1. Assuming Leu6 fulfils every condition listed in (1) under 15 Å from Ser128 (Cα atoms); (2) surrounded by fewer than 21 Cβ atoms within 10 Å (Cβ to Cβ); (3) within 16 Å of the ligand (Cβ to nearest atom) apart from one, which condition is it?
2. I'd like the full set of residues that are free of Cβ contacts under 8 Å to residues at least 40 places away in the same chain, closer than 22 Å to Leu137 by Cα and buried (at least 22 other Cβ atoms within 10 Å of the Cβ), limited to region 68-96.
3. Looking at Phe65, Phe38, which is the one that is more than 14 Å from the ligand (Cβ to nearest atom), under 28 Å from Lys110 (Cβ atoms) and surrounded by 13 or more Cβ atoms within 10 Å (Cβ to Cβ)?
4. Does region 63-86 hold any residues that are under 15 Å from the mean Cα position of the chain (by Cα) and part of a helix (DSSP H, G or I), and which are they?
5. Select, from Tyr112, Tyr45, the only residue that is buried (at least 17 other Cβ atoms within 10 Å of the Cβ), among the hydroxyl-bearing types (Ser, Thr, Tyr), in contact with a helix residue (DSSP H, G or I) (Cβ under 8 Å, 6 or more places away or on another chain) and in a loop (DSSP other than H, G, I, E, B).
6. Restricted to region 9-19, and to residues that are within 12 Å of the ligand (Cβ to nearest atom) and not in a loop (DSSP other than H, G, I, E, B), which residue is surrounded by the fewest Cβ atoms within 10 Å (Cβ to Cβ)?
7. Can you tell me which residues in region 69-116 are closer than 17 Å to Ser135 by Cα, among the polar types (S, T, N, Q) and within 11 Å of the ligand (Cβ to nearest atom)?
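Nothing in this text is a laboratory measurement; each read-out follows from the coordinates by a stated rule. Note that the structure is predicted; figures quoted are calculated from it, not measured. Cβ atoms come from the backbone with ideal geometry, glycine included; neighbour counts cover every protein chain shown.
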Amino acid sequence: MKLLILNGPNLNLLGSREPDTYGSKSFEDYFSELQFKFRNIELSYDQTNIEGELIDMIQKGQEDFNGIILNAAAYTHTSVGIGDAVAAINIPVVEVHISNTFSREDFRHKSYISPNSKGIIVGFGLQSYDLAIQSFLKDNE
Ligand code: DQA
């Protein structure tokens, strides 16, 4: 099983960015923990602040991976193009968010990703990614 974790804009700053909302751990540190915990899965991780690059990564992801765990960050709420990319590929995408976007500002309640996602995991801190990985494992039982 090969899974790709994709993070969108400003998530490169996890650890220092608004720690009350997003925690104080860097994603690189958390990713190492995930790799250790899920040693039987080939996990990859990439991040970009650029919308078109995220679309390229989603498109290319279907060549090499069984599924994508996507936190499109702010583009979740604005990007028809990323929503269309998720619809266009033939591997499942699980949408994740660290914070509970539904308990925040109204503009964060809209997602262009959700209608085309297999499922959505929102609001569990970094553990949202762990739960998303587990959702793929359940498929294979
Ligand atoms: C986020 C929620 C988004 O609304 C926000 O723009 C982010 C992070 C999250 O993981 O909680 O950058 O996707």
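1. (2)
2. Val86, Val93, Glu95, Val96
3. That would be Phe65, the only listed residue that is more than 14 Å from the ligand (Cβ to nearest atom), under 28 Å from Lys110 (Cβ atoms) and surrounded by 13 or more Cβ atoms within 10 Å (Cβ to Cβ).
4. If the condition is that a residue be under 15 Å from the mean Cα position of the chain (by Cα) and part of a helix (DSSP H, G or I), then Ala73, Ala74, Tyr75, Thr76, His77, Ile82, Gly83, Ala85, Val86 are the ones that fit.
5. Being buried (at least 17 other Cβ atoms within 10 Å of the Cβ), among the hydroxyl-bearing types (Ser, Thr, Tyr), in contact with a helix residue (DSSP H, G or I) (Cβ under 8 Å, 6 or more places away or on another chain) and in a loop (DSSP other than H, G, I, E, B) holds for just one of Tyr112, Tyr45, which is Tyr112.
6. Leu13
7. Let us first name the residues in region 69-116 that are closer than 17 Å to Ser135 by Cα, namely 69-71, 91-98, 114, 116.
From what's left, among the polar types (S, T, N, Q): 71, 114, 116.
Selection gives Asn71 alone.
Matching residues to (1) more than 25 Å from Ile58 (Cβ to Cβ); (2) of a type outside the set (Val, Ile, Thr); (3) within 16 Å of the chain's Cα centre (by Cα):
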site: Met1; (1), (2), (3): no, yes, no
site: Leu4; (1), (2), (3): no, yes, yes
site: Asn7; (1), (2), (3): no, yes, yes
site: Glu28; (1), (2), (3): no, yes, yes
site: Phe36; (1), (2), (3): yes, yes, no
site: Arg39; (1), (2), (3): yes, yes, no
